[in-house]
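The values are calculated or read from the model by the stated rules, or taken from the named source; none is laboratory data. On a predicted model such as this, the values are computed, not experimentally measured, just so you know. Ideal geometry is used to build each Cβ from the backbone, glycine not excepted, and the neighbour counts take in all protein chains shown.
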2 protein chains.
Amino acid sequence: MPTNNQLPVNKDLFAFVNSQIVPVSEAYLHISDLAIQRGYGIFDFFKVNNEHAYFLDDYLKRFDNSAAQMQLNIPLAPEALKTVIRELIAKNNLVESGIKMILTGGYSADGYQPGTPNLIITQQPFSLPTQAQYNTGIKIITHEYVRELPTAKTINYTIGIRLIQRIKDSLAEDVLYHQEGIVSEFPRCNFFIVKQDNTVVTPLNNVLLGITRKNVLHLAKEKYKAVEGPVTLTDIFAAKEAFLTSTTKRILPIVQIDDKNIGTGKPGAVTLNLLADLIALEEKDWVGKQVAE
Amino acid sequence: MPTNNQLPVNKDLFAFVNSQIVPVSEAYLHISDLAIQRGYGIFDFFKVNNEHAYFLDDYLKRFDNSAAQMQLNIPLAPEALKTVIRELIAKNNLVESGIKMILTGGYSADGYQPGTPNLIITQQPFSLPTQAQYNTGIKIITHEYVRELPTAKTINYTIGIRLIQRIKDSLAEDVLYHQEGIVSEFPRCNFFIVKQDNTVVTPLNNVLLGITRKNVLHLAKEKYKAVEGPVTLTDIFAAKEAFLTSTTKRILPIVQIDDKNIGTGKPGAVTLNLLADLIALEEKDWVGKQVAE
């Protein structure tokens, strides 16, 4: 391979690149790919326990939707894609893992016009947040920004990655985007607040519609009032609780934003209640599929 | 190589990938690269005639500036980079060509944190616009958008590439970005108007500072009044002439915008005068370097 930069890969794992499953250490794309030339592509990511992919149909539907928004054709039909995913899971044989599907603009003759999309599927061991993070909650900062195509899961994280250092310097864990004080999402997570009357609110505009967000909204509606709608920075400071949701983090309590405490400055009862319900829902999805398969 | 998608490359050409010059058909990046994972990278592009790279120091300076804005270290010192460029030019032995340098976020262990940047340099034959395009001028459309980091030449062209089909459907050649009617730039070119009093104006804010833009401003100042400042859509419709500038297109007259004529609807005298001056300036740069080398 024409590179002297070390590969940060587990040599025992396999990846799918277009038509083949290959050792991940041999998974390459030619430099004419439009992701390399123009950052053009989409992806999605879901959690796997042994052989079970959680909420797979939801993730595949979103992947499909992102591809359509970017005018990219997924080279495999849904059933063929599921077959490849199952083969990869069987071959890698991991306990807790995440699977990432990336679809790029393909090999481009002129470095600008899309070609036939390249599909990559990788699987990596995966760890949930630490118990300490769940117990004490996290600190976040804010940044004024709206993603270019908020409803598509594009690979463009230019702004998010540039902010990594500022997050570290602030001893924070993540950065919440807003526009003129109206908040939207984190680079890779959705955002919720719990109002003083226990109403659960999550932004609707300028956000990627997370699968965990959808599940948490569903769970919240069973016990509380839950709405999708505008959330301002002022709303956050007046809120009782706040938390983020994501595939890899489930529900993570947020206790501080830009050095100000939210509520009591400790993880709240509604947040922890929803986290317990989400874990139960994941169990149910897992058990349901074991019976069905 | 683990792919069945055909490579759109000239098998006789060579590319530089990190430490090596290799046949371009063997120039690959591992899928853990942050350009593929997160669209994170920068690039630059300059024109070459035989062994001469036009205005090379200007392009290298801009590449350096883009890298700094994206917190990426160029793995080669300026002189070493020039040596590699010279080696590549000698090996490919083309008459008229363009050289593209791409610097990515490197191989990332977790698909999010940058690694050691990967540097790619490619060279391809290159053709100027047709004489017909210079003679008749082009039609453009408009779109409301500002690039995320306008002063850095990042690889993020998500919006530009999504607009390719709309440009074609409109029988246009390019799309001009504006925000609330204040225009900035094209995806890959700068924009100029010539007012009724022959003042040449180009937007200053939210633009990539093109090298051809800089050269044209310099040339315009020798004959006309030339300023950098706000240009609105209304200004364009009141203008006598309009044109775009870029490394690959030099100066291209614009005669129609969103189906409305600009000026007489034909390439204007100031535009064509500046084009002649630009060609002469390129000659001078070429001759100057032949003497110096």
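The table below gives the values:
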{"item": "Count - residues of region A:91-140 that are surrounded by fewer than 18 Cβ atoms within 10 Å (Cβ to Cβ) and within 30 Å of residue A:241 (Cβ to Cβ)", "result": "11"}
{"item": "Count of region B:273-288 residues which are in contact with a strand residue (DSSP E or B) (Cβ under 7 Å, 6 or more places away or on another chain) and crowded, with 16+ Cβ neighbours inside 10 Å", "result": "3"}
{"item": "Whichever residue in region B:155-172 is surrounded by 21 or more Cβ atoms within 10 Å (Cβ to Cβ) and not aliphatic (A, V, I, L, M) and, among such residues, is farthest from residue A:68 (Cα to Cα)", "result": "B:156"}
{"item": "Top-ranked residue of region B:21-31 - restricted to ones that are hydrophobic (A, V, I, L, M, F, W, C) and more than 7 Å from chain A (Cβ to nearest Cβ), ranked as surrounded by the most Cβ atoms within 10 Å (Cβ to Cβ)", "result": "B:24"}
{"item": "Residue satisfying all of: in region B:136-154; of a type in the set (Val, Ile, Thr) and touching a Leu at 6+ places or on another chain (Cβ under 9 Å); nearest to the other protein chains (Cβ to nearest Cβ) among these", "result": "B:151"}
{"item": "Selection count, region B:85-135, where residues are touching a residue at least 24 places away in the same chain (Cβ under 8 Å) and more than 13 Å from chain A (Cβ to nearest Cβ)", "result": "17"}
{"item": "Filter result (within 14 Å of chain B (Cβ to nearest Cβ), crowded, with 18+ Cβ neighbours inside 10 Å and over 14 Å from the mean Cα position of the chain (by Cα)) within region A:42-74", "result": "A:67, A:70, A:72, A:74"}
{"item": "Any chance residue A:67 is outside the structural domain of residue A:206 (by TED's automatic domain parsing), aliphatic (A, V, I, L, M) and modelled with pLDDT under 95", "result": "no"}
{"item": "Residue B:56 at pLDDT 95 or above, under 14 Å from residue B:104 (Cβ atoms) and in the same structural domain as residue B:116 (by TED's automatic domain parsing)", "result": "no"}
{"item": "Condition check for residue A:34: in contact (Cβ under 8 Å) with a residue 40 or more places away in the chain, within 12 Å of chain B (Cβ to nearest Cβ) and surrounded by fewer than 21 Cβ atoms within 10 Å (Cβ to Cβ)", "result": "no"}
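Per-residue answers, yes or no, for (1) within 19 Å of the chain's Cα centre (by Cα); (2) in a strand (DSSP E or B); (3) of a type outside the set (Val, Ile, Thr); (4) not assigned by TED's automatic domain parsing to the domain that holds residue A:66:
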| site | (1), (2), (3), (4) |
| --- | --- |
| A:141 | yes, yes, no, yes |
| A:146 | yes, no, no, yes |
| A:151 | yes, no, no, yes |
| A:165 | no, no, yes, yes |
| A:178 | yes, yes, yes, yes |
| A:185 | yes, no, yes, yes |
| A:188 | yes, no, yes, yes |
| A:196 | no, no, yes, yes |
| A:204 | yes, no, yes, yes |
